[in-house]
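Worksheet: the structure to be examined is printed underneath.
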Amino acid sequence: MVPFRLQYAVGRRDRLAVESAPHLPACAAALGFSSGILYLAVAVSPWFLLLLVWPAFTSRKFFAFLLELIRVPRRPVDVLVEADRLGLLSGGDRVWLYLDGVIQLYRTEGGRTWTMLHVNGSVLTIPRDAITAEQVKFLQGFALAAWRQRRWTQPAA
C-alpha cells in the first residue's frame, strides 16, 4: 500500500477556499486604510488619493492570486505518500511534509472532498474519487497517533 501517489486537479472554488486565507489580514488592513484615505480625500484634500498606492502595493500578492485564479481554472496536484512523509508537487519543486505532523483528515463539502490539516498550517484538499478507503485509513492513522500523543503529554485540567 505504501508508497502511493495521488494525482488530481483542484478547481477554482477549492483553491479560493484554501489559498485566500493567508491574504485576508493584508486585505482587511488595506480596506480599512483605503476607506480612511477616501474619507480624507473627500473631507480634506484630493491629494490624499495618492496614498491609495500603499494598499495596492501591500495587497499585490492577493491581486496576483486572483488573476491566476481567473486564468487557470484547474491546477494539477501530485502527491507522493511514503512511509513517513508526504511530498506535494508545487510548481516545479516538491515540498515534503512529515506524516507525524498530520493533525486531522476529515470529509468536507458533503463528502465531496477530504481535507488534511498539518501541524505547520498546510491544508491539502483531496477529491473523494482520487483517494481510496485504505489510503484514507493510512493517513488517518497518523492523525490518531498524533492525537494520542497530545493527549498523554498535556496536563490534566
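The values are calculated or read from the model by the stated rules, or taken from the named source; none is laboratory data. Nothing here was measured: the structure is a model prediction, and the numbers come from that model. Glycine gets a Cβ as well: all are built from the backbone with ideal geometry, and neighbour counts include every protein chain shown. To get the accessible areas, we keep the full protein, side chains included, count just its heavy atoms, and leave off ligands, DNA and RNA. Shrake-Rupley method; radii C 1.70, N 1.55, O 1.52, S 1.80 Å.
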query: Somewhere in the range 96-107, is a residue open to solvent by 60 Å² or more (accessible area, probe 1.4 Å) and either of a type in the set (Lys, Arg) or assigned to a loop (DSSP other than H, G, I, E, B) (or both)?
result: yes
message: Being modelled with pLDDT of 85 or more, under 21 Å from Gly11 (Cα atoms) and acidic (Asp, Glu) is the filter here; which residues of the range 102-146 pass it?
response: Asp129
task: Pick out the one residue from Phe48, Phe57 that is in contact with a Leu (Cβ under 6 Å, 6 or more places away or on another chain) and either aliphatic (A, V, I, L, M) or farther than 29 Å from Arg150 by Cα (or both).
output: Phe48
- request: Restrict the check to the range 71-83 and report whether at least one residue is of a type outside the set (A, V, I, L, M, F, W, C), open to solvent by less than 100 Å² (accessible area, probe 1.4 Å) and in a helix (DSSP H, G or I).
  value: no
query: What is the residue count in the range 108-146 for residues that are surrounded by 12 or more Cβ atoms within 10 Å (Cβ to Cβ) and assigned to a helix (DSSP H, G or I)?
result: 14
message: I'm checking my understanding of the structure. Among residues of the range 19-44 that are under 22 Å from the mean Cα position of the chain (by Cα) and surrounded by 15 or more Cβ atoms within 10 Å (Cβ to Cβ), which one is nearest to Ile131 (Cα to Cα)?
response: Glu19
message: When you scan the range 30-38, do you find a residue that is among the polar types (S, T, N, Q) and assigned to a helix (DSSP H, G or I), even just one?
response: yes
- prompt: For the range 107-135, which residues satisfy the criterion of being more than 20 Å from Leu89 (Cβ to Cβ), touching a strand residue (DSSP E or B) at 6+ places or on another chain (Cβ under 7 Å) and among the aliphatic types (A, V, I, L, M)?
  reply: Val119
message: Kindly evaluate Ala56 against the criterion of being touching a residue at least 40 places away in the same chain (Cβ under 8 Å), exposed (fewer than 15 other Cβ atoms within 10 Å of the Cβ) and in a helix (DSSP H, G or I).
response: no
